[in-house]
Amino acid sequence: MIVDGDSCHMYVTRKEDSTPPWGGPSKIVHYVAPLSDMINGWKFSDVAIDEPDAIDACLFRNSQGSITMIYRNCLKNEPRCGTFWATSGDFRHWEKQGLVKGGVENVEKHGFNYQEGANVIYWKGYYWLITDPHYGLPVYRSTDGKEWTYQGLILDKPGKRLYGNTYGRHASMIVTPANRAFIVYQVEPLRDYKEYDDTRLSIAEQLCFLQIAELKVEKGILTCDRNQQIKLKE
């Protein structure tokens, strides 16, 4: 979601059916609500990205003042999915820019078959992008929101909290008015990632919990200590 004036814009993955394991063809659709009614005020606006494999839209204001959307899509005639971006000046008309530039698509170097669940914040002078390749969260940094440099993984080692013994997944980052940043992420503590077949997960393996940790920037690198006790108010 992204706020513009007295309205909020939400971009949602909509599946056409429930074909296992993750549903059939998808689109990214656009809803709008007034900030005065964020519960019942949502109204359908339009289809933003009409491509059958587009999912997981993330939006942010780029350095030029327009809106950037990053989303996962599948490449034609290639056996993998990629991370794409598009730009808009009015939230309704999108200019597709192709694959995200820089380190995000360097799968040969990083060993990622694909990345989904993108999320971006602007904090401490940089844009920070995280994705989810299913074994920790890659971190990318950019000065303009266009060209991204890979900085390594966070939440790729087991934590000591209850249910925190596995990878961090599908995360969102939050910057507070006090200029602190937090990451909220999903864990699946009973899932066996060595036997990676989404179509054969048991009910127990699909059990999910949300956890939160504070982000830091140390020597220009985004870090996260998932074991550190945090205080949301200082």
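Using the Cα centre of the range 60-157 as origin and beta-carbon charges of +1 (Lys, Arg) and -1 (Asp, Glu), tell me which of GLN115, GLY136, ASN62 is placed farthest towards the positive end of the dipole.
Most positive-ward Cα: ASN62.
Show which lysines lie in cross-link reach of LYS160 when reach means a straight Cα distance below 25 angstrom and same-chain residues fewer than eight apart are skipped.
LYS194, LYS216, LYS231, LYS233
Keeping all protein chains in place, calculate the accessible area per residue for the chain (probe 1.4 angstrom), answer in Å².
Here the residues of the chain average 54 Å² of exposed surface.
Got a sec? Charge dipole of the chain, +1 on Cβ for Lys and Arg, -1 for Asp and Glu; which of GLY125, THR19, HIS30 is way out at the positive end?
GLY125
Between LYS216 and ASP17, what is the spin-label point distance in nm, taking each point 7 Å from the Cα along the Cα→C-beta axis?
5.1 nm
Starting from the 7 Å offset along Cα-to-Cβ, what nm value, one decimal, do you get for the label separation of GLU205 and LEU75?
Going from the GLU205 label point to the LEU75 one covers 2.8 nm.
Stretched out fully, how many nm does the piece from SER7 to PHE44 gain, at 0.36 nm a residue minus the Cα gap?
Values: separation 37, 0.36 × 37 = 13.32 nm, distance 1.33 nm.
Extra length available between SER7 and PHE44 comes to 12.0 nm.
Please give the length that would be gained between LYS194 and ARG161 if that part of the chain were fully extended, namely 0.36 nm times their separation in residues minus their C-alpha to C-alpha distance (nm, one decimal).
On the way: separation 33, 0.36 × 33 = 11.88 nm, distance 2.18 nm.
Between LYS194 and ARG161, full extension yields 9.7 nm more.
Need the C-alpha centroid separation for the range 137-171 versus the range 4-27, integer Å.
Cα centroid of the range 137-171 versus Cα centroid of the range 4-27: 24 Å apart.
For the range 109-217, build the charge dipole from Cβ charges (+1 Lys, Arg; -1 Asp, Glu) around the Cα centre, then report which of ALA178, GLY145, TYR193 sits farthest towards its positive end.
The residue sitting farthest along the positive end of the dipole is ALA178.
Do you know the Lys pair count in the range 1-142 for C-alpha distances under 28 Å, with sequence separation 8 or more or different chains?
Taking the Cα cut-off of 28 Å, the pair count is 17.
Summing -39500 (n - 2.57) over the DSSP H runs of n ≥ 4 in the chain and dividing by its residue number, what mean residue ellipticity at 222 nm do you reach, to the nearest 500 deg cm²/dmol?
Working: 1 runs with 4 residues, N = 234.
Value at 222 nm, helices only: 0 deg cm²/dmol.
Using Cβ-Cβ distances only, list the Cys residues of the chain with no partner cysteine under 4.7 Å, sorted by number.
CYS8, CYS58, CYS208, CYS224
Suppose every K and R has +1 on its Cβ and every D and E has -1 on its Cβ; what is the size of the dipole of the range 1-59 about the Cα centre, in Debye to the nearest 20?
Taking the Cα centre of the range 1-59 as origin, the dipole is about 140 debye.
Summarise the accessible area of the range 56-175 (1.4 Å probe, protein heavy atoms) by the percent that is carbon and sulfur.
48 percent
Among THR131, THR143, what's the order by accessible area (1.4 angstrom probe), most exposed first?
I get THR143, THR131, largest accessible area first.
The values are calculated or read from the model by the stated rules, or taken from the named source; none is laboratory data. Remember, it's a predicted structure, so these values are computed and weren't measured experimentally. Reconstructed Cβ throughout: ideal geometry from the backbone, glycine too, with neighbour counts over all protein chains shown. Protein only, heavy atoms only, side chains kept; ligands, DNA and RNA dropped before computing areas. Shrake-Rupley method; radii C 1.70, N 1.55, O 1.52, S 1.80 Å.
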